[in-house]
Every structure is written in structure tokens, then in C-alpha cells.
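Peer 1: Got a structure for you, questions after.
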Amino acid sequence: MPSIPTLLHTNEIGQHILTSSPIITSYSPSNVSMKIITTSPCNSPMSSLEETKVTWRLTDAVCFDVDSTVCEDEAIDELAKFCGKEKEIAQITKNAMSGKMDFRAALRTRLNIIKPTYQQVQSYIEAFPPKLTPGVRELVSALHQRGIPVYLVSGGFHSIICDVARQLNIPLENIYANRLKFYFDGEYAGFDEDAPVSRTAGKAEVVKKLKEDYGYMNLVTIGDGATDLHTCPPADAFIGFGGNQVRDEVKKHAKWFVMDFKELVDELKLPDRKSVV
């Protein structure tokens with residue numbers, strides 16, 4: 001019997017490393033004037049569309065989901081298709097994104113079916129660059145122009161999302177995503193189960209940590225799935241996005257549900273109004 005294989009991890013630039021643990025790091029611009037909304041739309045039982053819009057106009061940090069939000073597709077589905085396993089995992093993804101299945105269990109099940117090798121992942125990244133959702137460049141640019149930090153908080157894969165971040169001028173340290181593990185021969189060895197985003201409530205954990213570390217008072221999350229909806233609270237507001245996929249639970253419960261990022265850009269251009277108390 002051979003000895004237990006040593007795990008090979010790869011960082012965002014493809015270098016081989018023996019260990020890989022996500023570290024929550026970021027920045028908080030010192031030149032952003034901070035305005036406080038006394039009652040968060042997420043905490044108020046009578047929260048309204050207008051309260052959510054006020055929080056958005058006064059946002060001091062934004063966390064985006066990636067798959068089916070920043071990007072048009074679900075990377076794990078596309079990777080499965082690339083590896084010839086599309087049919088086996090399509091329904092599992094649907095169940096996971098609608099909240100009908102524990103996210104980590106769904107992630108583990110899908111990856112055990114796909115079993116992507118290191119070479120397959122690299123080939124996929126090279127062959128299929130990210131398909132950014134129309135309007136997301138303009139939205140992220142508008143936020144950056146206001147000095148507002150942007151984070152990518154995803155249940156997808158760090159190695160794939162790095163290219164998304166580069167295209168949008170988002171610092172790589174502002175990515176919170178799952179990391180795949182490979183053996184030294186390149187075979188699939190699992191994923192980092194210590195990463196918070198591998199859990200159903202993991203995105204909320206990341207948001208909570210960001211607020212604690214940087215003191216954000218009007219942090220807004222944007223996404224299409226159930227795990228995004230459940231970030232609020234601790235997020236101060238949540239905006240549901242349906243431009244690529246409309247999830248019934250998200251559309252039903254989101255105080256503000258948009259189909260086009262232009263609506264968010266236009267709202268940022270409105271003059272500040274007094275906060276709703």
C-alpha cells in the first residue's frame with residue numbers, strides 16, 4: 001500500500017504550496033464619510049423598499065455573490081460540463097441555490113461526482129474566461145469611484161474567481177471563496193472544509209467578520225441565491241438579483257429585487273436623503 005498522498009494546494013497565481021488557509025483581509029478607505037442608519041432594513045420587522053434604498057445610497061461596503069450574479073453562469077455547472085458530468089449535478093445545484101439542500105453537502109456531492117483534476121481546472125480557466133453580467137463593470141466602477149470597498153463572497157472556487165476580480169479591479173484579498181485541493185499527481189483531493197463559505201451560513205459569517213474588523217455601518221450584500229438572502233442580518237441590507245436566475249425564495253423575501261444592475265447604478269446617483277429611523 002502506498003503512503004497517504006501529500007496534498008497539493010495552488011494559490012491564485014498557480015504556484016504549488018503545501019498549505020492554504022483563507023485569511024480575512026481587506027481595506028477600509030479613510031476618506032469615505034460614514035453615515036449611520038439607526039435601524040437596519042434587515043433588523044426592522046417593518047423594513048421597506050425605501051429603507052433598503054437608503055442603505056444602498058449610504059453604503060460603505062458591498063459584498064457581491066459571484067455565480068449567477070457578477071457572472072452570468074454557475075462555475076461549478078460549467079466545470080461539470082467541461083468534465084462531462086453536467087447532467088449528474090444540474091439538479092443538485094438547483095436544490096442548493098434554492099435552499100432545499102445543505103450547501104456543504106451539495107458542494108461535496110457535486111465535487112465527488114466531477115472529481116476535477118488540477119489540469120482540468122487549469123484548462124477550464126484558460127478555455128472559458130468569466131462571462132461578466134452586463135452592467136456589473138459599471139456598477140463596481142461607480143462604487144470604486146466613491147471609495148467604497150467591494151468584496152466577492154462566493155461558494156464558488158477561488159482559482160476561478162481570481163480572474164473575475166482582476167477584470168473588475170477588485171483586490172484578490174477581497175475574495176472569499178472555496179479552495180480546491182489536489183494530490184501531487186494532480187488528482188482531486190477535496191476542498192477546504194474550514195472555509196466559512198463552504199457552509200450554508202458561511203457568507204453571513206464572512207459579513208459579520210468584515211463588520212467587526214472594519215466597522216462598516218451600511219454593508220450591503222447582493223446576490224441571487226438563498227445563501228445570499230440569509231446574509232441579512234448581519235448585513236445592513238440585502239438586494240436580490242434576478243438578471244441571470246430568478247430564485248423564487250429570494251424574489252419573495254428580498255425587500256429590493258432587481259433584474260438589471262443599471263437600477264443600482266442609477267440609485268447611487270440620487271442625492272442623499274435623511275436616513276429612515
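Peer 1: Projected onto the charge dipole of segment 199-243 (+1 at Lys/Arg Cβ, -1 at Asp/Glu Cβ, origin at the Cα centre), which of Ala204, Tyr216, Ile239 gives the Cα projection farthest towards the positive end?
Peer 2: In segment 199-243, that residue is Ala204.
Peer 1: Based on alpha-carbon centroids, what's the gap between segment 193-243 and segment 244-266 in Å, whole number please?
Peer 2: If we compute the Cα centre of each part, the gap is 16 Å.
Peer 1: Using a 1.4 Å probe, what is the accessible area per residue for segment 106-145, in Å²?
Peer 2: 49 Å²
Peer 1: In addition: On a 23 Å Cα-Cα criterion, which of the cross-link pairs Lys181/Lys209; Lys203/Lys251; Lys87/Lys115; Lys209/Lys262; Lys181/Lys251; Lys81/Lys251 come out too long?
Peer 2: From Lys181/Lys209; Lys203/Lys251; Lys87/Lys115; Lys209/Lys262; Lys181/Lys251; Lys81/Lys251, over 23 Å: Lys181/Lys209; Lys209/Lys262; Lys181/Lys251; Lys81/Lys251.
Peer 1: Kindly identify segment 164-264 as rounded, prolate or oblate by the Cα gyration tensor criterion: order the square roots of the eigenvalues as a ≥ b ≥ c, call it rounded if a/c is under 1.5, otherwise compare a/b with b/c, prolate if a/b is larger, else oblate.
Peer 2: prolate
The values are calculated or read from the model by the stated rules, or taken from the named source; none is laboratory data. Please read all numbers here as calculations on a predicted model, not as lab measurements. Note that each Cβ is placed from the backbone with ideal geometry, even for glycine, and that neighbours are counted across all protein chains shown. Accessible surface areas use protein heavy atoms only, side chains included; no ligands, DNA or RNA. Shrake-Rupley method; radii C 1.70, N 1.55, O 1.52, S 1.80 Å.
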